[in-house]
1. Let me spell it out: the conditions are (1) surrounded by 23 or more Cβ atoms within 10 Å (Cβ to Cβ); (2) at pLDDT 95 or above; (3) hydroxyl-bearing (Ser, Thr, Tyr), and residue 163 meets all of them except one. Which number is the exception?
2. Can you tell me which of 169, 113 is among the hydrophobic types (A, V, I, L, M, F, W, C) and either within 24 Å of residue 225 (Cα to Cα) or outside the structural domain of residue 224 (by TED's automatic domain parsing) (or both)?
3. Could you check, for the range 225-248, whether at least one of its residues is in a helix (DSSP H, G or I) and among the basic types (Lys, Arg)?
4. Count, please, the residues in the range 12-33 that happen to be modelled with pLDDT of 90 or more, part of a helix (DSSP H, G or I) and not acidic (Asp, Glu).
5. Could you count how many residues in the range 199-224 are at pLDDT below 95, of a type in the set (S, T, N, Q) and not in a loop (DSSP other than H, G, I, E, B)?
6. Here are some residues: 108, 173. Which one is assigned to a loop (DSSP other than H, G, I, E, B) and either buried (at least 19 other Cβ atoms within 10 Å of the Cβ) or β-branched (Val, Ile, Thr) (or both)?
7. So which of 196, 191, 169, 157 ends up being in contact with a Gly (Cβ under 7 Å, 6 or more places away or on another chain) and modelled with pLDDT of 95 or more?
8. Residue check: is residue 146 basic (Lys, Arg), assigned by TED's automatic domain parsing to the domain that holds residue 242 and in contact with a helix residue (DSSP H, G or I) (Cβ under 8 Å, 6 or more places away or on another chain)?
Amino acid sequence: MYVIERRQMLLEHARQTGRVDVAEMSRQLALAPETIRRDLKDLERQGLLRRVYGGAVAVERLNFESALSVRSTRHQAQKNRIATTAATFLKAAESVYLDEGYLPTLVGQHLPADRPITVVTPSLAAAKALVERPETTVLIVGGRVRAQTLGAVDHWAVAMLETLVLDLAFIGGNGISLEHGVTVPDSAVAAVKTAAMRVSRRSILIADSSKYNVDSFVRFAHLREFERFITDDGLPVEQAVHLHEQGIDVMRV
């Protein structure tokens, strides 16, 4: 494969999946990580990619959102650790909001099944995963269902949430940065997340480390608005320390 062909392939991969992971592409192409990094550096110099820790994201990521089926195959070990840890912070909460997305659904599956809990969610996937639990009451938030995530949005969802008082919300995001906060590509999604945080006594941010230092299109919260940010140990220690210094409780698991 010529260099120009390889770089075009990396660019197309970023545009299709939202991200290029150096370690992953190094294995797939049987090339040294340094070679992939040089390719990404050149693509960034051309304004086609933006480098982030461990790889790069497409410039078009501002509007990019992968399908739920794709998310469920990525960073599985990290997401399971995050979900397991997040569920331990349930404490005495009796009503829980689970955001749309694969990781919040995983958190729901790790919630205790032997005590009464009411789960409120806009996610059809989360509702399906939990509805047969005898001690769990599932309340689905209604609205327009998005094909990519199977999550409900728009004013119907926001209006329903505003009638509730919840103990704890587990919230995800497409992009997370200290400068721009927590962001998503769609303003309708942002509105639902904002409403869920507003009616919840506590909010916990859950996201794998690939989301950090990435910005999407619409901000719905600042990092300081969350009780804590639970991510995986792919987040560099120095970045976690910097967040702590800014008053943000970060857990790397």
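The values are calculated or read from the model by the stated rules, or taken from the named source; none is laboratory data. Worth saying up front: this structure is predicted, and the values here are computed from it rather than measured. Backbone-built Cβ (ideal geometry, glycine too); neighbour counts: all protein chains shown.
1. (1)
2. Being among the hydrophobic types (A, V, I, L, M, F, W, C) and either within 24 Å of residue 225 (Cα to Cα) or outside the structural domain of residue 224 (by TED's automatic domain parsing) (or both) holds for just one of 169, 113, which is 169.
3. Within the range 225-248, not a single residue is in a helix (DSSP H, G or I) and among the basic types (Lys, Arg).
4. 8
5. Of the residues in the range 199-224, 2 are at pLDDT below 95, of a type in the set (S, T, N, Q) and not in a loop (DSSP other than H, G, I, E, B).
6. That would be 173, the only listed residue that is assigned to a loop (DSSP other than H, G, I, E, B) and either buried (at least 19 other Cβ atoms within 10 Å of the Cβ) or β-branched (Val, Ile, Thr) (or both).
7. Exactly one of 196, 191, 169, 157 is in contact with a Gly (Cβ under 7 Å, 6 or more places away or on another chain) and modelled with pLDDT of 95 or more, namely 157.
8. Criteria met by residue 146.
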